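The values are calculated or read from the model by the stated rules, or taken from the named source; none is laboratory data. Nothing here was measured: the structure is a model prediction, and the numbers come from that model. For neighbour counting, all protein chains shown are included, and Cβ atoms are generated from backbone atoms with ideal geometry for every residue, glycine included.
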Ligand code: EZ4
Ligand code: CO
């Protein structure tokens, strides 16, 4: 028994907002969990402060599964990003405590390492194809084996994934949502040109990925997947929104381009049909937004039955705490696929000192007991919360579209 004596939510903005849960125990050990929900941060902070923390005090920190069930079933109101991010933060912090108590890096408790490291992909983007490919080459030169390519669309002033600062892409960029314009026709013309040029210039030894960010209808996505087939993508991500999981059937009927989805998923129920019908190849649910290590393990185990691999979301709005948890998890499961990796700013790295390290295209979580990441609270205090929204997206006639 290791009694939870205190828990607090720390909100900090070292370049972007992060919500962190820190749990303390009577054994002197503490654990950290990430509860960041981009653009809706304070809702999760309130869920934790007002509704979860009162239930945690006095509980046995080692009862991870029981605490998960208590918070999930006990709320009565199930699922959803706010609830599941809050549960995830508790779950991560409790795994951190348990692994520290055992004196082991977390991956050892999850079954031990299945591989030497977790292959990651970086983000190369540019306004023109030329710029994007120059960026991609920079990643390859730094040792990356996989790169996501996003390029500006001729005729559109801005598009998803193309940033001003090349190293630190940050879509939550304003205190009221930025308005973007979108044209599916223009995009469907330019995306295949990007990948044709990429294969010509970068060759075939690098994995190439692309994110559609939920903007197409099923038949449009089928056309894009088919057009991209000759360039052998590692995956095509979020080709359509997945509220209606059956949408993916149409894409599958037309193309062998591997498909990935799931960064906005919260539970195994969002993944179930896609996995069971083998409609996707990579499932992108994360430790943070899908209920923690305890729940992501269930998703990965289900996926393994159908040869679906993981490809966890890892954008900058997932803190180094999530990155550490994802790496322990990825190292320990048989069906790991790839991990998204966007570097955080120096201020974020300083607020969250961490053990994980990049080498030769792989990240390794390190061998410190626990998650191998912590929060520097006095430093975190120096970066107060700043409201920041993700953009919204409209078609050229003014209709709202998916961002
Ligand atoms: O838009 O993390 O694959 N990565 C992505 C990200 C998401 C942001 C949303 O918070 O799609 O850039
Ligand atoms: Co994405």
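Numbers for the structure displayed
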{"read-out": "Scan of the range 302-331 for residues that are buried (at least 24 other Cβ atoms within 10 Å of the Cβ) and away from ligand 2 (no atom under 16 Å from the Cβ), ordered by number", "value": "303, 308, 319, 320, 321, 324, 325, 327, 328, 329, 330, 331"}
{"read-out": "All positions within the range 200-214 that are more than 16 Å from ligand 2 (Cβ to nearest atom) and closer than 17 Å to residue 128 by Cβ", "value": "200, 201, 202"}
{"read-out": "Identity of the residue in the range 59-81, surrounded by 20 or more Cβ atoms within 10 Å (Cβ to Cβ), free of Cβ contacts under 8 Å to residues at least 60 places away in the same chain and out of contact with any strand residue (DSSP E or B) (no Cβ under 6 Å at 6 or more places or on another chain), that ends up nearest to residue 19 (Cα to Cα)", "value": "71"}
{"read-out": "Complete set of residues in the range 260-285 that are surrounded by fewer than 24 Cβ atoms within 10 Å (Cβ to Cβ), away from ligand 1 (no atom under 14 Å from the Cβ) and outside any helix (DSSP H, G or I)", "value": "267, 277, 278, 279, 281"}
{"read-out": "Boolean, residue 361 is over 30 Å from residue 216 (Cα atoms) and at pLDDT 95 or above", "value": "yes"}
{"read-out": "Residue check for residue 310: under 17 Å from the mean Cα position of the chain (by Cα) and not in a strand (DSSP E or B)", "value": "no"}
{"read-out": "All positions within the range 141-173 that are assigned to a strand (DSSP E or B) and either surrounded by fewer than 13 Cβ atoms within 10 Å (Cβ to Cβ) or touching a helix residue (DSSP H, G or I) at 6+ places or on another chain (Cβ under 8 Å) (or both)", "value": "147, 149, 150, 151"}
{"read-out": "Lone qualifier among 331, 288 - being within 26 Å of residue 144 (Cβ to Cβ) and within 16 Å of ligand 1 (Cβ to nearest atom)", "value": "288"}
{"read-out": "Residues satisfying the stated conditions in the range 307-328, i.e. under 14 Å from residue 349 (Cβ atoms) and away from ligand 1 (no atom under 16 Å from the Cβ)", "value": "324"}
{"read-out": "Yes/no for residue 236 being within 14 Å of ligand 2 (Cβ to nearest atom), surrounded by 23 or more Cβ atoms within 10 Å (Cβ to Cβ) and not in a loop (DSSP other than H, G, I, E, B)", "value": "yes"}
{"read-out": "Candidates 221, 225, 242, filtered to the one that is modelled with pLDDT under 95 and either assigned to a helix (DSSP H, G or I) or buried (at least 18 other Cβ atoms within 10 Å of the Cβ) (or both)", "value": "242"}
{"read-out": "Residues located in the range 200-218, provided they are surrounded by 15 or more Cβ atoms within 10 Å (Cβ to Cβ) and either within 23 Å of residue 336 (Cα to Cα) or in contact with a helix residue (DSSP H, G or I) (Cβ under 9 Å, 6 or more places away or on another chain) (or both)", "value": "202, 206, 207, 208, 209, 210, 211, 212, 213, 215, 216, 218"}
